[in-house]
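All remarks here apply to the structure that follows.
The values are calculated or read from the model by the stated rules, or taken from the named source; none is laboratory data. Predicted, not measured: the structure shown is a model, and the values here were computed from it. Methodologically, a virtual Cβ is constructed for each residue, glycine included, from the backbone with ideal geometry; neighbour enumeration extends over all protein chains shown.
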């Protein structure tokens, strides 16, 4: 490590500034130790030293499809802020040595030149380079923050079932309402009940502060929330950020109004039961029997609570982005 602090106006003064000749032995330059050897002694580098791309190629190949998409998006974003053509054209040329498809995608996005002679990618991969290689063996939602959105007239059965299930899984439920004062369920009378006081109102916390959202049914509650632009934005934003979304009863119609994508299947009143589509878990005909305690958290779970908790445990629904659905919703 170089500890000398030069006193010039440029780095590596005076050599870079004045093009000084190489230092002599008297000035402290390096000298090879004289020794008897057999053969020719020379200072050389192996061919592998000139390989600047195989490590980058191995890393990129080892990523999951969603991570590759994020790498492409990151390059495209940064180079979009570069006005010098020589910069992004050279970079797309260099990326062609790593992966031709990556280089072509970036070149098309930022206006660069697609590499003519992209280097073949042998496709070698290595373990533990993708973040998805480190998912817990047992799905868990411990410490996850889940927003439960309600208004006056909400369904207490669905609310209590989901709230209790979240607590039982060591996650953190947060009640969100149109106001941070008492909100009453469909079975409560505001004159004789204390109701429930939300942790935040809709304008006080964004959906970005939570890992998932759940909306219980209740005709009056959904009528109120469907007229609240912030409530609709909550659902759209959570969908765009690939988070798990759950809804029961009349809330299914609210979710449909917010997302409006035919590609996302929702539960209906025809007895279709629990529907899990791109991490949006819905149950139109919710009842105490259909909201039983969680038995197992797995991808093949059957019940509403189990499916909803499993989707939360996956952190994000990456397929939603890979299929382009997250870009179809304005948020």
Suppose the filter is under 15 Å from residue 308 (Cβ atoms), assigned to a strand (DSSP E or B) and modelled with pLDDT of 95 or more; does residue 217 pass it? no
Restricting attention to the stretch 303-320, does a residue exist that is free of Cβ contacts under 8 Å to residues at least 40 places away in the same chain, over 23 Å from residue 183 (Cβ atoms), out of contact with any helix residue (DSSP H, G or I) (no Cβ under 9 Å at 6 or more places or on another chain) and exposed (fewer than 15 other Cβ atoms within 10 Å of the Cβ)? no
Could you tell me whether the stretch 186-193 includes any residue that is touching a residue at least 40 places away in the same chain (Cβ under 8 Å), crowded, with 16+ Cβ neighbours inside 10 Å and either within 18 Å of residue 308 (Cβ to Cβ) or more than 24 Å from the chain's Cα centre (by Cα) (or both)? no
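Here's the yes/no breakdown for (1) touching a helix residue (DSSP H, G or I) at 6+ places or on another chain (Cβ under 8 Å); (2) in a helix (DSSP H, G or I):
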residue	(1), (2)
38	no, no
72	yes, yes
87	yes, yes
95	yes, yes
108	no, yes
Candidates 112, 100, 153, 96, filtered to the one that is surrounded by 14 or more Cβ atoms within 10 Å (Cβ to Cβ) and under 30 Å from residue 249 (Cα atoms): 153
For residue 310, all conditions in the list (1) closer than 26 Å to residue 219 by Cα; (2) in a helix (DSSP H, G or I) hold save one; what is the number of the exception? (1)
Out of curiosity, is residue 242 outside any strand (DSSP E or B), without any contact (Cβ under 8 Å) to a residue 60 or more places away in the chain and either under 31 Å from the mean Cα position of the chain (by Cα) or within 16 Å of residue 153 (Cα to Cα) (or both)? no
